[in-house]
Structure formats: C-alpha cells, structure tokens
1. Quick one: is Ile103 aliphatic (A, V, I, L, M), crowded, with 22+ Cβ neighbours inside 10 Å and either over 24 Å from Thr42 (Cα atoms) or in contact (Cβ under 8 Å) with a residue 24 or more places away in the chain (or both)?
2. Need a quick list: strands (runs of 3 or more DSSP E) entirely within the range 27-97 having at least 3 residues that are in contact with a Pro (Cβ under 8 Å, 6 or more places away or on another chain).
3. Tell me the residue from Val117, Val123, Val93 that is closer than 19 Å to Glu175 by Cα, surrounded by 20 or more Cβ atoms within 10 Å (Cβ to Cβ) and not hydroxyl-bearing (Ser, Thr, Tyr), please.
4. Given (1) without any contact (Cβ under 8 Å) to a residue 40 or more places away in the chain; (2) surrounded by 16 or more Cβ atoms within 10 Å (Cβ to Cβ), identify the lone condition not met by Glu220.
5. So is Ala23 surrounded by fewer than 23 Cβ atoms within 10 Å (Cβ to Cβ), touching a strand residue (DSSP E or B) at 6+ places or on another chain (Cβ under 8 Å), modelled with pLDDT under 95 and aliphatic (A, V, I, L, M) or not?
6. Determine if the range 134-141 includes at least one residue that is charged (D, E, K, R), closer than 22 Å to Lys94 by Cα and crowded, with 19+ Cβ neighbours inside 10 Å.
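The values are calculated or read from the model by the stated rules, or taken from the named source; none is laboratory data. Predicted model, so just to flag it, every value in this text is computed and none were measured. Virtual Cβ from ideal backbone geometry, glycine too; neighbours counted across all protein chains shown.
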Amino acid sequence: MLTLSGVSACYGSVPAVNDVSIAVGDGEAVGLLGANGAGKSTTLRAISGLVRLTAGTITFLGADIAALPPHRITALGIAHVPEGRQVFPELTVKENLEIGAYIPRAKAERARTLELVFNLFPVLAERRRQLAGTMSGGEQQMLAVGRGLMLKPRLLMLDEPSLGLAPVVTDATFEKIKEIRAMGTAILLVEQNVSRALALVQRAYVLESGKVIMHGTSAELAGNKQVQAAYLGI
C-alpha cells in the first residue's frame with residue numbers, strides 16, 4: 001500500500017531523515033519507534049507532503065506521491081493525526097469532525113461516518129456541541145483521531161497519540177486504535193511508548209538520528225536486547 005524507498009528530507013539545511021525505507025501493507029499496523037529527534041514525525045510529514053524530499057520515492061497504492069501537494073495526498077486516502085492534537089478550539093466537537101470530511105468522497109458519506117465516529121467515541125457524541133478547546137487532553141485526542149477517520153482513510157497516520165495523557169487515558173486511546181485497526185484501516189503509528197506500540201502493531205521500524213537502524217515484527221523487537229535496553233527499561 002505505502003512504500004518509502006531511500007527517503008531523505010531536510011529542514012532548511014539540516015538533515016532530518018536520511019535514506020529511510022519503510023512499507024505498510026493494506027490493513028496492516030506498523031510502528032515508527034525512536035527517541036525525540038529521531039526523525040519519526042518528519043517521516044510522517046514527508047508522506048503527507050508537508051516536508052519535501054531531497055532524495056528517494058514515496059508510493060501509495062502504486063502512485064508516486066512525493067511531488068504532490070498535501071491536499072492531493074489526503075484525497076488519495078491518507079489521514080494524518082498530528083502530534084499535539086491541533087483541534088480547532090473555538091469550534092464545536094461536531095464542527096471539528098465535519099471539517100475532516102472536506103474531500104468530495106468523504107463529504108458524500110459524512111453523516112454515516114459521523115455516526116461511526118460517535119459509536120467509536122461515545123464521549124464525542126455526548127459533547128458534540130461543546131467547544132473543543134474546553135475538553136480534556138484525552139478527549140481532544142479522541143477528537144483528533146475521529147477527525148482523521150472522517151476522511152474515510154485507507155491509511156491513518158498517528159503521531160504520538162499518548163503524548164501528555166494519563167496512563168488510564170492512554171489505555172483507552174490505544175483500545176480505540178485497536179478497534180480502528182480491526183475495521184481494516186491501515187495504521188502507521190509514531191509512538192515513544194515502545195511497549196505500548198509493540199503491543200498494537202504487527203511490525204515496526206526503529207529510527208535513530210534520521211536513519212532506520214533495525215526493523216522486524218513486534219515480537220522480534222520486543223525480544224531484542226538493544227531495544228529492551230534503550231526503550232523498554234529491561
């Protein structure tokens with residue numbers, strides 16, 4: 001479904017990712033793991049067209065998307081839920097969700113998808129008229145994920161969904177992500193909580209200083225002594 005081959009990108013003159021190659025299959029859940037500054041978020045931004053490549057290729061459903069503008073990439077079925085949630089605080093929950101269905105294909109099924117999101121996140125249904133800026137961090141994260149789902153994506157990219165959340169809220173958030181995966185939506189997950197991520201994804205790539213230093217199944221990485229020492233505290 002999604003393939004990155006030899007992808008490199010910079011912020012100005014500063015290299016952010018270097019020769020990154022990853023793949024996500026149809027309906028698969030894949031993780032991008034690593035410390036702060038490893039290049040995880042930049043990789044997602046490159047896929048979304050928010051950061052331009054200096055080398056490499058990105059294909060989605062067989063089409064080269066590396067040179068496309070962000071709105072064209074989104075229209076192909078890639079939803080990006082950014083780090084920090086970035087909801088519209090002065091809009092209601094329902095208005096935030098409706099904004100997510102802005103492309104024609106999603107807009108045509110907006111009412112049906114909205115009902116699906118409300119069933120997945122009942123708290124959003126209860127607070128549909130509440131301003132997003134008055135919600136808790138965990139509720140805003142649910143709203144951000146729900147807004148991504150309104151696009152009816154083939155691939156949902158999640159950037160640090162547990163950031164700043166209490167453990168019990170993190171548990172609830174990851175349970176919902178599991179449900180989304182069970183619906184058949186492919187997931188590319190950036191997450192610093194490595195043990196939590198490996199319990200969700202099927203495969204993962206570990207980034208360090210903008211490069212992929214290892215990859216494997218979740219079981220292989222969870223049993224890897226280097227991963228255990230660096231990320232799992234074992």
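1. On the way: aliphatic (A, V, I, L, M): yes; crowded, with 22+ Cβ neighbours inside 10 Å: no; either over 24 Å from Thr42 (Cα atoms) or in contact (Cβ under 8 Å) with a residue 24 or more places away in the chain (or both): yes.
No, not satisfied.
2. Values: elements: 29-33, 53-60, 78-81.
Answer list for the range 27-97: 78-81.
3. The unique qualifying residue is Val117.
4. (2)
5. Details: surrounded by fewer than 23 Cβ atoms within 10 Å (Cβ to Cβ): yes; touching a strand residue (DSSP E or B) at 6+ places or on another chain (Cβ under 8 Å): yes; modelled with pLDDT under 95: no; aliphatic (A, V, I, L, M): yes.
The answer is no for Ala23.
6. From the range 134-141, those charged (D, E, K, R) are 139; that's our starting set.
Applying the additional criterion that residues be closer than 22 Å to Lys94 by Cα yields 139.
Next, from what is left, pick out any that are crowded, with 19+ Cβ neighbours inside 10 Å: 139.
Yes, that holds for at least one residue.
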